[in-house]
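Reading through the structure tokens given below for one structure.
Read the figures in this text as sums done on the coordinates, not as results from a lab. Computed from a predicted model, the values in this text were never measured in an experiment.
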Amino acid sequence: MAPEMIVNGTGVITVLSISPLEEDHLSLQAIVGHSRWIFLKAERLLPALALLRQHEISVILCERDLMPGSWIDLLEKLNDASHPPSLIVTSRLADDRLWAEARNVLAKPFDRSEVLRSVKAAWQHWFDQVPKPVAAMRAAS
């Protein structure tokens, strides 16, 4: 069963996969490819940052080790954004240290249900942080 399309004021879920490993992109594409989610990919940090400037990305799946760099370098760049995407760190070796450092971790090989659950939860967190119009807030209270 394909993931449902989740629409907000800006469109559908846009997922960015950042990994030097083509197998990561292929696996994730196979999992989300039948949905209406927009799937983008980058092999390194600099092309990923360019995609972030061009698209409103709500969820990033980032390999722990990017060569050069790591997910921590990406997180530092995201901290400067006014509404940064949610970040999920992926790793074949998801050890205790990574779980302690990263808010969201997804172990590899990817499990379809875990990917979908993690992306939906990350998207919800991102969406909840979207600045809501003042009029809508007043109407809700």
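Hey, could you pull the Cα Rg and Dmax for the chain, both in Å?
Both quantities, over Cα of the chain: 15.2, 49 Å.
When a/c is below 1.5 the answer is rounded, else prolate if a/b is larger than b/c, else oblate, so apply that to the stretch 76-129 with a ≥ b ≥ c taken from the square roots of the Cα gyration tensor eigenvalues.
Working: a/c = 2.60, a/b = 1.33, b/c = 1.96.
Since a/c reaches 1.5 but b/c is at least a/b, the shape of the stretch 76-129 is classed as oblate.
Given H placed on each backbone N at 1.01 Å, which residues far from Ile57 in sequence or on other chains put an amide H within less than 5 Å of it?
none
Compute the acute angle (0 to 90°) between the alpha-carbon long axis of helix 45-54 and the principal axis of greatest extent of the alpha-carbon atoms of the chain; round to the nearest 10°.
20
Could you tell me how far the Cα centroid of the stretch 81-129 sits from the Cα centroid of the stretch 8-75, in Å?
Taking the Cα centre of each part, the stretch 8-75 and the stretch 81-129 sit 12 Å apart.
Report the residue, chosen from Glu43, Glu56, Glu114, that carries the largest GNM mean-square fluctuation when the chain is represented by alpha-carbon nodes joined by springs under 10 Å.
Glu114
Which angle between 0 and 90 degrees, to the nearest 10, do you get for helix 22-32 versus the longest principal axis of the chain when only C-alpha atoms count?
With rounding to tens, the tilt is 40 degrees.
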